[in-house]
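Input: a single structure, listed below in structure tokens.
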Amino acid sequence: MNFNGKTALITGAGRGIGKTIAVKLAKFGSDIALADMNPINDDVLKEIEENGTKCLSYKLDVTNVDAVDSVVKKIIDETGGIHILVNNAGITQDNLFMRMKPEQWLQVIDVNLNGVFHVTKSVIRTMVKQHSGRIINISSVVGFSGNPGQVNYSSTKSGLIGFTKSLSREVGTRGITVNAVAPGFINTAMTQALNESQQQAILSQIPLGRMGEVDDIANAVAFLASEEASYITGTVLHVNGGMY
Ligand code: NAI
């Protein structure tokens, strides 16, 4: 895969899956724009620049429409365009439905769905002008299977599938593909916080017998972002070790 001359914007890129996606795309030659609501560690920038690609970094809350438009404009002014958008920023606010507060519902919808709307809306004009683009939305296995305590989160992750499929039908003739990656249980801070018996319960449901690694997700995203995936749109790539 070769992303020379391309620029990729990755939201929620300060750590975890987003950071790994950014490093992976840079290894294949893409310039990178990192956006995260929390400060991004200089080590992340260094790791990306070691590949000889440009790395821009922005503090951005994806729920803030004006800030999104301003950052997208800056990236385009600096690099000439945005060719790959990875909507990765996402949060959880888990609670059983009977106890879930309206704020927990609204906050998760705001980041995981409204945020994707704002960023995509801001970026898509430049992709239409370029007659090419790749949009990859990070969903989740629980958007398909459901999960107790995650009515809010799983609703957003299923919602992203409707978003992906509908948008892919609108922009296909403009040379833009829109796909989703649905990770299963990935070895990150979130899953490391589970206790031993919770981890064993999860592992027993995974035919491949291990949790996923952040690289497993980054590899899938890189493929969907590549020329090699140019005839794939409106689809979901499940990366979950066979658990669903
Ligand atoms: P993480 O919590 O380690 O990283 C998420 C990043 O998004 C953080 O750097 C955070 O600062 C940033 N962020 C949060 N709210 C934001 C906002 N409003 N604006 C901009 N940035 C914001 O999460 P992780 O595990 O790397 O997950 C990344 C994506 O993958 C999320 O969409 C998550 O739902 C999804 N996912 C993760 C799985 C896992 O097992 N870790 C499984 C399935 C899906």
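The values are calculated or read from the model by the stated rules, or taken from the named source; none is laboratory data. Nothing here was measured: the structure is a model prediction, and the numbers come from that model. Every residue, glycine among them, receives a Cβ derived from its backbone with ideal geometry; neighbour counts consider all protein chains shown. Just the protein is used for accessible areas: all its heavy atoms, side chains included, with ligands, DNA and RNA removed. Shrake-Rupley method; radii C 1.70, N 1.55, O 1.52, S 1.80 Å.
Taking the conditions exactly as written (under 24 Å from Asn64 (Cβ atoms) and polar (S, T, N, Q)), does Ser168 satisfy them or not?
Values: under 24 Å from Asn64 (Cβ atoms): no; polar (S, T, N, Q): yes.
No, not satisfied.
Ala33: in contact with an Asp or Glu (Cβ under 9 Å, 6 or more places away or on another chain), under 21 Å from Ser132 (Cα atoms) and open to solvent by less than 30 Å² (accessible area, probe 1.4 Å), yes or no? When the stated conditions are applied, Ala33 passes them.
Give me the residue from the range 169-194 that is more than 16 Å from the ligand (Cβ to nearest atom) and without any contact (Cβ under 8 Å) to a residue 24 or more places away in the chain and, out of that set, farthest from the chain's Cα centre (by Cα). Filtering the range 169-194 for residues that are more than 16 Å from the ligand (Cβ to nearest atom) and without any contact (Cβ under 8 Å) to a residue 24 or more places away in the chain, the one farthest from the chain's Cα centre (by Cα) comes out as Thr173. Restrict the check to the range 95-106 and report whether at least one residue is out of contact with any Phe, Trp or Tyr (no Cβ under 7 Å at 6 or more places or on another chain), open to solvent by 40 Å² or more (accessible area, probe 1.4 Å), part of a loop (DSSP other than H, G, I, E, B) and in contact (Cβ under 8 Å) with a residue 24 or more places away in the chain. Yes, the range 95-106 contains a residue that is out of contact with any Phe, Trp or Tyr (no Cβ under 7 Å at 6 or more places or on another chain), open to solvent by 40 Å² or more (accessible area, probe 1.4 Å), part of a loop (DSSP other than H, G, I, E, B) and in contact (Cβ under 8 Å) with a residue 24 or more places away in the chain.
Of the strands (runs of 3 or more DSSP E) that lie entirely inside the range 125-244, those containing 2 or more residues that are within 15 Å of Gly90 (Cα to Cα) and among the small types (Gly, Ala, Ser) span 176-183. Over 19 Å from Val181 (Cα atoms), of a type in the set (Gly, Ala, Ser) and open to solvent by less than 40 Å² (accessible area, probe 1.4 Å): does that describe Ala89? No; evaluated as a whole, the condition is false for this residue. Of the residues making up the range 91-148, those that are within 15 Å of the ligand (Cβ to nearest atom) and within 27 Å of Met243 (Cβ to Cβ) number 25. The residue that is nearest to the ligand (Cβ to nearest atom), counting only those in the range 44-54 that are surrounded by fewer than 20 Cβ atoms within 10 Å (Cβ to Cβ) and over 11 Å from Gly14 (Cβ atoms), is Glu47.
Just one of the listed residues (Ala193, Ala218, Ala189, Ala222) is within 16 Å of Lys27 (Cβ to Cβ) and either open to solvent by 10 Å² or more (accessible area, probe 1.4 Å) or out of contact with any Ser or Thr (no Cβ under 6 Å at 6 or more places or on another chain) (or both), namely Ala222.
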